[in-house]
Amino acid sequence: GLLESADDDAGALGGYQQAHQAVPGASEALVRAAWLLATSDVEEVRDGEHAMRLMQRVSTVAAAMNQPEQLHVLAASQARVGRFDEAIASARRALTGAEVQGKDNLAADIRKSLKSYEDGQPYTQSKS
């Protein structure tokens with residue numbers, strides 16, 4: 001899946017950034033990089049501001065409306081920089097999209113992260 005956890009977040013992040021440099025406009029690589037920057041359990045990898053910049057390059061929220069994966073990453077990025085109201089709104093749109101598209105695993109992941117945002121906490125992946 002798009003948002004699977006990597007065993008080596010720093011290594012994965014480097015790979016995604018290299019992929020984007022090799023193929024400018026490779027939005028999937030940017031989305032994966034933004035997810036790691038926003039949610040990694042490795043403090044040295046996390047960088048919410050960088051995640052937000054990547055997501056702004058990928059698309060506007062309006063363009064991502066039918067792409068729940070991108071909205072999910074946008075929400076995680078917003079939460080990481082303390083913009084919880086925006087994160088909750090983005091996560092709710094992502095959840096609606098995931099449910100409409102029958103993406104049950106994604107919807108479950110979004111529900112977990114949404115709970116964090118509603119509690120005023122950014123979402124951090126666990127490796128378990």
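Bear in mind that the values in this text are calculations on the coordinates, not laboratory data. Treat the numbers as computed from the prediction; the structure is a model and nothing was measured. All Cβ positions, even for glycine, are placed from backbone atoms using ideal geometry, and neighbour counts span all protein chains on display.
Worth a mention:
- Local electrostatic count at Asp85 - Lys and Arg +1, Asp and Glu -1, tallied over other residues with Cβ under 12 Å: 0
- Summing Lys and Arg as +1 and Asp and Glu as -1 over all other residues whose Cβ lies under 15 Å from the Cβ of Ala107 gives a net charge of +2.
- Near Glu118: Cβ cut-off under 12 Å, other residues only, Lys/Arg at +1 and Asp/Glu at -1. The net charge is +2.
- Couplings 3J(HN,Hα) of the stretch 110-124, computed from phi: 5, 4, 4, 5, 4, 4, 4, 5, 5, 8, x, 10, x, 8, 10 Hz, in residue order, whole Hz [Karplus 6.51 cos²θ - 1.76 cosθ + 1.60, θ = phi - 60°; x for Gly and Pro].
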